[in-house]
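Rule-based calculations on the coordinates, nothing more; no lab input. All values reported here derive from a predicted model rather than from experimental measurement. Glycine gets a Cβ as well: all are built from the backbone with ideal geometry, and neighbour counts include every protein chain shown.
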């Protein structure tokens, strides 16, 4: 009993420490170089640019993963398979997946002074999936989701994340003023990060839209700037319901919020993600086992994404 109390007390203390430190990374970045970098990014993106050296796609897609990821290139095999299938089905769309959305500087958890902790936790969850200890990765990233959604700290964090998206796009052939639309796909907490980054991208003159896959997000100001939000919801996904519950701006009576403005403008489309769970087996990216309806979830997700990105999403429009 004594050891249990000590363990619970230690876990609570660690959680409080994580919560208190969560906003400091983006605030430190902004105070030291963030404001300067943001001005430089605006100056570079808004200045006339030479023509692209290679043909541009019809659309750029940037994928932002969920809270279990430790780096921008640390996607699960299931996520990779879905993104590869979308890219194959839509050769005119360029899919990018190298941004770590839970850092204003795109620094993975393995690029920090505490990398010893995160790399061990990452290895542990691969061999002992039932262990709760590796969930500290999720906790750490969930707190960054809350920072992004916080009106006090969010603008700073989201400015940094938006710049990382710009740099990723430039690495993959995007050029300032090219006019190619950009769609951010966010899974789980990545949906909030996508909305958070959208404000800066839109202010830089980009045409931005967002796809949420089981997304947990608030009434982010980015909703006022995006062209459209497609919200793919699984009927068995309980985690995605945290957004409408936890963020007052998404409550029914908050009619003046960015969320309700987007609804009133018809810029939100809810899509049926099928009888899927939030993550793991039987979730949106499950590519082997059929769900209760006999459909393999990943195939449904691929179809929905290709419809949206191929401008066929109107066939599935159902308003919330």
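The table that follows gives values for the structure above.
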item: Relative contact order (percent, whole number), the chain, Cα cutoff 8 Å, 6+ residue spacing; result: 16 percent
item: Of 43, 197, 22, the one that fluctuates the most in a GNM where the chain has Cα springs shorter than 10 Å; result: 43
item: Ranked by how many other beta carbons lie within 10 Å on average, peptides 82-88, 141-147 from highest; result: 141-147, 82-88
item: Mean Cβ neighbour count within 10 Å, used as a protection proxy, ranking 213-221, 272-280, 91-99, 34-42 highest first; result: 213-221, 272-280, 91-99, 34-42
item: Shape category assigned to region 186-290 from the gyration tensor of Cα positions, a/c cut at 1.5; result: prolate
item: Theoretical FRET efficiency, 1/(1+(r/R0)^6), r = Cβ-Cβ of residue 152 and residue 289, R0 30 Å, to 0.05; result: 0.10
item: Estimated distance in nm for a label pair at residue 171 and residue 117, the labels positioned 7 Å out from Cα along Cα-to-Cβ; result: 2.6 nm
item: Distance between region 215-239 and region 24-98 - C-alpha centres, whole angstrom; result: 19 Å
item: DSSP-defined beta bridges in the chain - what % are antiparallel, rounded to 5; result: 5 percent
item: Gaussian network model of the chain, Cα within-10 Å springs - most flexible of 233, 255, 120; result: 120
item: Label selected from [x] 150; [y] 168; [z] 278, the criterion being volume of the Cα convex hull per residue in Å³ as computed here; result: [x]
item: Residue with peak Gaussian network fluctuation, the chain [Cα springs, cutoff 10 Å], from 181, 292, 155; result: 292
item: Shape call, region 209-265: gyration tensor on alpha carbons, a/c limit 1.5; result: oblate
